[in-house]
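The values are calculated or read from the model by the stated rules, or taken from the named source; none is laboratory data. Given the structure is predicted, the values throughout are model-derived calculations rather than measurements. No Cβ is skipped: glycine too gets one built from the backbone with ideal geometry, and neighbour counts run over all protein chains shown. The area values use the complete protein model at the heavy-atom level, side chains included, leaving out ligands, DNA and RNA. Shrake-Rupley method; radii C 1.70, N 1.55, O 1.52, S 1.80 Å.
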Amino acid sequence: MAKATNERRVVSVVVMNESSVLARVTALFAGRGYNIESLTVAPIPGSDMSHITIATNGSTKVIEQITKQLHKLIPVYKVIEHEEMVEKEMVLVKFPIAENLSDISVLCAAYNGGVVNVGKEMIITMVADEPMRIKHFIEAAQRYNPCEIVRGGVVAIER
Amino acid sequence: MQMSGAQMVCEAIIAEGVKTVFGYPGGAIMHVYDEIYKQNGFEHILNRHEQASVHAADGYARATGEVGVAMVTSGPGFTNAVTGLATAYMDSIPMVVISGQVPLSLIGTDGFQEIDAVGISRPCTKHNFLVRTIEELPRVLKEAFYIARSGRPGPVLVDIPKDITVDIGEFAYPESVDIPSYKPTYKGNRRQIEKAVEAIKSAKKPLLYIGGGTVLSNASDLVRELAEKTQIPAVETLMARGVMGAKNPLLLGMLGMHGNYASNMAMSETDLVISLGARFDDRVTGKLSEFAKYADVIHVDIDPANIAKLVDVDYPIVGDVTQVLEKMIPLLDDVNTDRYQAWREILKRYDELHPQSYVDSDEVIKPQWAIERLGELVGVDAIITSDVGQHQMWAAQHYPFDRPRQWINSGGLGTMGFGFPAALGAKRAFPEKTVINITGDGSILMNMQELVTAAEYKIPVINVILNNHFLGMVRQWQTFFYEKRYSETDLTFQPNWKALAEACGGIGYDVTTKEEFDAALKDAIKQDKVCFMNVAVNRFEDVLPMVPAGGALFNMMLPQKKHGEEK
């Protein structure tokens, strides 16, 4: 049976690490009307390749087309449509120093994170966890008046 | 061997065996043109517009099956080429376009005639390159040709900054290509092919659905063999006209929006679609939920992304049509052709009920008559190109295309102005063949400057202008769907076609009767000059049958019956 429409999917794309390859991938999404929820890209250590992780959504048919169309790009080695994966995302949150620092610290610890920088007026915390947990952390952090929240894209690896 | 980047470009073109390059010089590509001046390995045709250069290279590629090459300068030279790239991309035509670019140091500074060519062409090329060093240039050129012609073919752009054409480097043209991330699948999966064969053997109403991929794969003989051996009837798409051969008794005709009755009914009633190199375009399928509703689908395509893109497929086979058919045909030795006899008879009756027809006239030339007459006079020997519109559909419906690559038209993108320059390319590839561009009074003006090119290089192509003083296809839609509000489609104001052709060094004929048509065509074939045959045709003729956009294939608007046939 086809799954419900607009399921969320994480796709890993292994590409030749050459100029404009990211543009090729993102232009494909834009040109064919596919969504990008988040996107992360970095070189694969010890190779001339890069790993692009894209969180997207669409019907089964759309996801299948995304995978096939990505495959068609000449510098694309491999497209992995994740099924059983470990998925992580990180977030940096800046709080005023006047907030209750021990509460913030406990909150971060509860989400496998911690304080990464303390300045005269601000502290910066970092949490890396599953996307849903990141969402919950951000919600919980609201009561400490965060002044800036920077969320990273998803990285995933097949189990 | 040490040489400049410009020399490398020429050496690569020669090494690839390209005989004719179409192009237009300009600042950023001048070093390459300087080398073209000095060499004797290929000829260069100076079109009078970059769009025409790319269409001409495209026509050359479609007629020969080889990679066409066009060359343009940066900025506007390149942007003019974009329509040509997109046209070739949509029809999967192997082509390499080389564009000049501003020097590397100027890229990103909004320099004179600078435009982001790889950015603009990304969605309308199979692949593109911005060359960054002289060292990589030989490899890039080799890969460009390889990518253009391998797998599902397509146009490739090589954008070369001016300073790299001047730089000196070591040139050894690579013998082979290894792109680890690009490995097209040619061989169809044996197990899948066996399953498809079983499906064919157990079907009652199978139908061969033949697309342009069979032309690109040079699979025509195998397609005919498959049909002959199994006695399965066939329909062709617009891009596949000629594959089965005009007189093939198994060919029902063209299907789709302007397909004939039997073809569209066959697709609506078949129980097994055998799709060979076709991609289920919306102009073919009509309403998707009604398309081949009762059928299982075998889909053979070299591009996996085409499979199950629009229609659910029961037997997907990724591979080159030729290689798949070579495996498939021997497995059908014991096929029982009688099994499909009843089906063939049903389709025969459909064709008798509503044959491809029109009502001829003694007072005015009917465009369909002109096409049929062309077929009678030049037939299988000629290469026919066309522009886009009513004349294109009439040509596809009424011309007796008898071999692949005889019919050259812009199917996917639908580019008006394609036919004339494409005819120049085809004629240059096959100088001994009569090349006729079937066009309209709208389309021909979109690249009419090529009269000058054709006259200068003595490329005697014949432009048969089916002149209805309308943008006919849009007019037809306005008649049917916009209550006859003919918004901006009336082309009553016209140039003097004969004088126009003559002013550019060609010949013009004004044709208003059937006798004049024959006389003008016979004269035009003898001439060594390009010509315009301005054929006045019935103004309000419609292309029929017609499936309104988004409608089901079996809901066709049909032509009225010929006199004496009314029931």
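Here are some notes:
- Unmet criterion (only one of (1) assigned to a loop (DSSP other than H, G, I, E, B); (2) open to solvent by 10 Å² or more (accessible area, probe 1.4 Å)) for B:Tyr60: (1)
- Residue, most open to solvent (accessible area, probe 1.4 Å), within the stretch B:311-323, restricted to residues that are touching a Lys or Arg at 6+ places or on another chain (Cβ under 8 Å) and of a type outside the set (Ser, Thr, Tyr): B:Gln323
- Among the residues listed as A:Glu148, A:Glu158, A:Glu99, the single one being touching a residue at least 24 places away in the same chain (Cβ under 8 Å), more than 26 Å from A:Val11 (Cβ to Cβ) and open to solvent by 60 Å² or more (accessible area, probe 1.4 Å): A:Glu148
- Extreme residue, farthest from the chain's Cα centre (by Cα), among residues of the stretch A:32-49 that are exposed (fewer than 14 other Cβ atoms within 10 Å of the Cβ) and among the hydrophobic types (A, V, I, L, M, F, W, C): A:Ile44
- Check on A:Val93, surrounded by 16 or more Cβ atoms within 10 Å (Cβ to Cβ) and not small (Gly, Ala, Ser): yes
- Selection count where residues are part of a loop (DSSP other than H, G, I, E, B) and under 17 Å from B:Lys195 (Cα atoms), scope the stretch B:259-272: 1
- Scanning the stretch A:123-137 for residues that are open to solvent by less than 30 Å² (accessible area, probe 1.4 Å) and over 27 Å from A:Val14 (Cα atoms) gives A:Ile123, A:Thr125, A:Phe137.
- Condition check for B:Ala219: touching a residue at least 60 places away in the same chain (Cβ under 8 Å), open to solvent by 40 Å² or more (accessible area, probe 1.4 Å), farther than 21 Å from B:Glu345 by Cβ and touching a helix residue (DSSP H, G or I) at 6+ places or on another chain (Cβ under 8 Å): no
- Residue pairs whose Cβ atoms lie under 8 Å apart, separated by 6 or more positions or on different chains, with the first residue in the stretch B:170-187 and away from every other protein chain (no Cβ under 12 Å) and closer than 15 Å to B:Val140 by Cβ and the second part of a loop (DSSP other than H, G, I, E, B) and open to solvent by 70 Å² or more (accessible area, probe 1.4 Å), are B:Glu170/B:Met1; B:Glu170/B:Glu135; B:Phe171/B:Met1; B:Ala172/B:Met1.
- Lone qualifier among B:Val197, B:Val140 - being open to solvent by less than 10 Å² (accessible area, probe 1.4 Å) and outside the structural domain of B:Val97 (by TED's automatic domain parsing): B:Val197
- When B:Arg279 is tested against (1) in contact (Cβ under 8 Å) with a residue 12 or more places away in the chain; (2) touching a helix residue (DSSP H, G or I) at 6+ places or on another chain (Cβ under 9 Å); (3) open to solvent by less than 60 Å² (accessible area, probe 1.4 Å); (4) within 14 Å of another protein chain (Cβ to nearest Cβ), just one condition goes unmet, and that condition is (3).
- Residues of the stretch A:76-90 classified as in a strand (DSSP E or B), of a type outside the set (Asp, Glu) and more than 13 Å from the chain's Cα centre (by Cα), total: 6
- Within the set B:Ala86, B:Ala70, B:Ala81, the sole residue that is free of Cβ contacts under 8 Å to residues at least 40 places away in the same chain and either closer than 20 Å to B:Gly154 by Cα or buried (at least 24 other Cβ atoms within 10 Å of the Cβ) (or both) turns out to be B:Ala81.
- Of all residues in the stretch B:510-539 being touching a residue at least 24 places away in the same chain (Cβ under 8 Å), under 14 Å from B:Thr434 (Cα atoms) and touching a strand residue (DSSP E or B) at 6+ places or on another chain (Cβ under 8 Å), the one that is surrounded by the fewest Cβ atoms within 10 Å (Cβ to Cβ): B:Gln527
- A:Ala55 being more than 13 Å from every other protein chain (Cβ to nearest Cβ), part of a strand (DSSP E or B) and in contact (Cβ under 8 Å) with a residue 40 or more places away in the chain: yes
- Restricted to the stretch A:107-159, the set of strands (runs of 3 or more DSSP E) holding at least 3 residues that are under 22 Å from A:Ala55 (Cβ atoms) comprises A:122-129, A:148-158.
- Of all residues in the stretch B:119-129, exactly one satisfies the criterion of being buried (at least 21 other Cβ atoms within 10 Å of the Cβ) and under 20 Å from B:Ser105 (Cβ atoms), namely B:Phe129.
- Residue list for the stretch B:290-307, restricted to those being within 14 Å of chain A (Cβ to nearest Cβ) and open to solvent by 20 Å² or more (accessible area, probe 1.4 Å): B:Ile302, B:Pro304
- Where helices (runs of 4 or more DSSP H) fall entirely within the stretch B:273-391, those with at least 3 residues that are of a type in the set (D, E, K, R) are at B:341-353, B:367-378.
- Residue check: A:Phe29 meets all listed conditions (1) assigned to a helix (DSSP H, G or I); (2) hydrophobic (A, V, I, L, M, F, W, C); (3) open to solvent by 30 Å² or more (accessible area, probe 1.4 Å); (4) more than 10 Å from chain B (Cβ to nearest Cβ) but one, namely (3).
- Tally, over the stretch B:399-447, of residues that are assigned to a strand (DSSP E or B) and open to solvent by less than 10 Å² (accessible area, probe 1.4 Å): 7
- Among the residues of the stretch A:111-122, none qualifies, meaning not one is open to solvent by 30 Å² or more (accessible area, probe 1.4 Å), within 22 Å of A:Val41 (Cα to Cα) and among the basic types (Lys, Arg).
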